[in-house]
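Structure record follows, encoded as structure tokens.
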Amino acid sequence: MICREWPIPSVKPARLGLYGLLAGTLLSTTLATASPQTERLSESGAKGDRAAIKSLVDLARKKDADAEYALGLLAYEGQGLARNLKQAYRLFERAAGRGHAEAQNTLGYFYQHGVGTGKSPEQALAWYKRGAEGGSARARLNLGWFYEQGIVVDRDPGMAAEWYGIAADQGLTAAQLNLANLYENGIGVARNPQKAIELYEKVAIAGVSSASLPLARLLEAKGDLAGAARNYLPSASGNDLEAQFAAGRVMIAPNNPSRNIEEGVRWLERAAFRRHLGATLLLANLYLDGKDVPRNTVQAADYFQRGAALGDFMSAFQFADLQESAGKTSSGESLVPWYRQAAEKGHRESQFRLAKLLQEGKQAEHAREVSDWYRKAAEQGHVESQFRLAQLLQAGGKAESMPEAVTWYRKAAEGKHPKAFLPLAIALESGQGAAAPAEAARWYQEAAKADDPEALFRLGNLYDRGLGVTSNSRQALDYYAKAAKLGHAGATKVIESLINLPPPDPFQRDPFKNRW
């Protein structure tokens with residue numbers, strides 16, 4: 001949370017932070033509650049006018065609280081008087097005792113931070129209360145801060161909002177900023193983005209640049225992208241990295257009525273140069289899509305490579321994919337580190353491509369890793385990986401591996417992998433893993449739809465023998481004929497043997513039964 005204290009009246013805000021005012025110590029000899037005469041003397045005294053200082057001292061001796069307060073400021077700042085914190089404390093204490101609200105607030109600040117006296121949050125609270133009751137907007141702000149943070153008192157954001165609200169109505173910019181923050185986040189009050197926007201706008205108009213960033217975010221959320229862009233710019237120009245990214249993002253947004261692609265890209269480039277991941281990825285995709293800027297895959301690859309260096313695994317995949325698509329690698333080995341970066345984060349397509357590259361490298365030491373990466377991708381539903389893993393398990397030649405191979409062939413087949421139907425059906429028919437001729441027939445039929453001659457031949461054989469299907473010699477002959485027509489040697493041999501059979505017995509119910 002931001003410390004937003006205004007301990008002593010000032011003509012300009014205290015030091016500014018990213019979202020609000022930091023602990024304020026900037027003092028001024030301008031007096032908010034002093035008489036015109038005292039104010040003139042204070043201004044002259046700050047410039048070293050000894051006569052003006054003497055006049056203030058004379059007034060202070062007459063117990064003039066404004067003069068005591070003015071002299072306290074000069075002693076604190078070391079303007080016209082030697083800097084003396086203890087003397088400043090004594091002068092403020094005298095003025096505060098006479099009911100000077102701003103002096104009471106300042107005395108509270110001195111106790112809070114141990115300036116010219118020992119630290120005492122309890123005393124600080126007491127003086128802030130007196131100053132607030134006396135009408136000091138700054139005391140009301142500081143009192144609200146104590147309630148918001150739970151300093152000495154129980155934390156009470158609702159009470160903080162009340163004091164901020166009173167000070168804000170008095171025109172105190174810092175209080176308006178604090179109150180806006182409460183409305184923005186729904187702390188102590190019902191969340192009200194519109195009220196927060198109105199308050200932030202007042203603060204921004206007053207010249208407090210730290211209000212622009214939260215204002216911009218609220219306007220963006222509201223859909224006012226033009227207004228958001230305007231308010232991101234002060235922080236972006238002030239070298240705020242997130243604001244630079246936000247300004248660029250909003251400027252190129254299609255629904256921004258003041259859309260400015262060129263300027264938006266410039267802000268994104270500035271943020272990307274400073275290693276902002278979001279800006280880097282947005283630029284990469286802009287150049288890859290080629291809709292708002294001319295398509296440039298070289299630029300896209302460069303930004304994806306930067307994104308990968310920043311730890312974004314999808315950027316690593318995109319970079320490798322672009323390099324592979326462009327044929328810019330003489331060997332797949334150069335892509336391995338990029339795919340590996342994404343694969344290790346669980347990206348299944350990268351797991352598959354990594355396994356494929358390692359498999360194509362045909363290095364024995366990678367055999368286990370190939371299987372492992374195919375398995376990881378397969379477990380995430382990657383159909384090609386399921387098929388290839390099944391092939392590896394089957395090629396291993398171990399009988400104990402076949403049930404698992406059948407499982408992966410089945411998953412690949414259920415995922416409509418065209419090459420998985422046949423090996424799955426063959427394994428099921430032959431009892432590798434578990435004999436299931438009826439399921440085998442179903443998968444043979446799937447393969448046969450693509451005119452696979454081996455599937456047609458084996459399907460004919462099942463109908464011929466009545467395995468997994470109802471025996472039907474005519475159906476068998478039809479599948480054999482289709483397979484033979486596609487050049488299947490076994491089917492051709494069966495057809496030729498049928499041609500050389502003697503005439504069928506006219507009294508046999510199925511003239512093709514037991515024909516060889």
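The values are calculated or read from the model by the stated rules, or taken from the named source; none is laboratory data. The structure presented is a predicted model; accordingly, all values stated were derived computationally and were not measured. Cβ coordinates were reconstructed from backbone atoms using ideal geometry, including for glycine residues, and neighbour counts include every protein chain displayed. Just the protein is used for accessible areas: all its heavy atoms, side chains included, with ligands, DNA and RNA removed. Shrake-Rupley method; radii C 1.70, N 1.55, O 1.52, S 1.80 Å.
Assorted remarks:
- Applying 1/(1 + (r/R0)^6) with r as the Cβ-Cβ distance of LYS291 and ALA82 and R0 = 56 angstrom yields a FRET efficiency of 0.25.
- Peptides 462-468, 116-122, ordered by how many other C-beta atoms sit within 10 Å of their residues on average, highest first, read 462-468, 116-122.
- TYR111 accessible area, 1.4 Å probe, all protein chains in place, Å² to nearest 10: 20
- With K and R counted +1 and D and E -1, the other residues having a Cβ less than 11 Å from that of HIS417 yield a net charge of +2.
- Ligands, DNA and RNA aside, ILE426 has an accessible area near 50 Å² when probed at 1.4 Å.
- The mean sequence separation of alpha-carbon pairs under 8 Å and at least six residues apart, normalised by the residue count of the chain, gives a relative contact order of 5 percent.
- Å² per residue, accessible surface of the chain at 1.4 Å: 48
- Between the helical axis of 193-205 and the longest alpha-carbon principal axis of the chain there is an angle of about 50 degrees.
- Other residues lying with their Cβ under 10 Å from the Cβ of PHE317 contribute a combined charge of -1, Lys and Arg counting +1, Asp and Glu -1.
- Centre separation in Å (Cα based) which lies between region 399-415 and region 456-481: 25
- Karplus-derived 3J(HN,Hα) values for region 153-165, using 6.51 cos²θ - 1.76 cosθ + 1.60 with θ = phi - 60°, are 9, 5, 4, 8, x, x, 5, 4, 4, 4, 5, 4, x Hz; glycine and proline are entered as x.
- Figure note: ASP58, ASP240, ASP289, ASP169 ranked by solvent-accessible area, largest first, 1.4 Å probe, ligands and nucleic acids not counted: ASP169, ASP289, ASP58, ASP240.
- Three-way shape call for region 406-466 based on the alpha-carbon gyration tensor, with the a/c threshold at 1.5: oblate
- Selection from GLN194, ILE495, LEU73, by position along the positive dipole direction of the chain (Cβ): LEU73
- Rounded if a/c under 1.5, otherwise prolate or oblate - region 345-412, Cα gyration tensor axes: oblate
- Relative to the Cα centre, the charge distribution of the chain, modelled as +1 at Lys and Arg Cβ and -1 at Asp and Glu Cβ, gives a dipole magnitude of about 560 debye.
- With a 1.4 Å probe rolled over the protein heavy atoms of all chains, the accessible area of SER385, SER44 falls in the order SER44, SER385, largest first.
- Dividing the Cα radius of gyration of the chain by 2.2 N^0.38 Å, with N the residue count, gives 1.74.
- Projected-area average for region 349-464 over all orientations - Cα convex hull basis, square nanometres: 7.2
- Across LYS356/LYS485; LYS86/LYS202; LYS411/LYS482; LYS195/LYS291; LYS356/LYS482, pairs whose alpha-carbon gap is larger than 30 Å: LYS356/LYS485; LYS86/LYS202; LYS195/LYS291; LYS356/LYS482
- For region 128-273, with all protein chains in place and a probe radius of 1.4 Å, 47% of the accessible heavy-atom surface sits on carbon or sulfur.
- For ALA253, no residue 5 or more places off, or on another chain, has a built amide H under 5 Å of its own.
- For region 47-105, the spread of Cα positions along each principal axis, largest first, Å: 28, 22, 14
- Over the chain: helical MRE at 222 nm, DSSP H runs n ≥ 4 each giving -39500 (n - 2.57), nearest 500: -20500 deg cm²/dmol
- In this view, the solvent-accessible surface of ARG353, computed with a 1.4 Å probe and all protein chains in place, comes to about 50 Å².
- Anisotropy class of region 219-294 from Cα gyration tensor, a/c 1.5 cut: oblate
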